[in-house]
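Here's the structure we're looking at; comments come further down.
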Amino acid sequence: VQNVPAATLRQPDLTIWFDLDPAVAAQRLSTARVPDKFESQPQSFFQAVRDGYAKRMQESPSRFAQIAADQSREGVWSEVLKAIELAYSK
């Protein structure tokens with residue numbers, strides 16, 4: 001898949017990005033459970049992932065909904081519903 005030109009791959013109509021600062025995510029995780037192998041990566045890894053999503057969103061803003069994940073569950077869910085309604089009302 002990595003050798004296939006990106007332009008030939010199918011793209012989702014909507015990508016919902018739950019954006020959360022990696023330091024906040026690590027703090028939340030530390031109180032939830034023991035991190036698995038993926039979750040044990042250094043914060044620099046998660047910052048690079050976050051930066052990658054930000055870049056992709058800049059390249060295709062109409063396909064992305066950036067949701068601030070530092071809100072309450074209700075706030076996040078409300079924004080998700082709005083993003084879906086907006087994306088599919090076009």
Expected 222 nm ellipticity per residue - DSSP helices of 4 or more, -39500 (n - 2.57), all of the chain, to 500 = -15000 deg cm²/dmol
Rounding to the nearest 20 debye, state how big the charge dipole of the chain is about its Cα centre with +1 on each Lys and Arg Cβ and -1 on each Asp and Glu Cβ.
-> 200
Correct choice for volume of the Cα convex hull per residue in Å³ that was computed from the model, options (1) 124; (2) 184; (3) 227 | (1)
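Read the figures in this text as sums done on the coordinates, not as results from a lab. Just so it is clear, the model here is predicted, and its values are computed rather than measured. With ideal geometry, Cβ positions are generated from the backbone for all residues, glycine too; neighbour counts draw on all protein chains shown.
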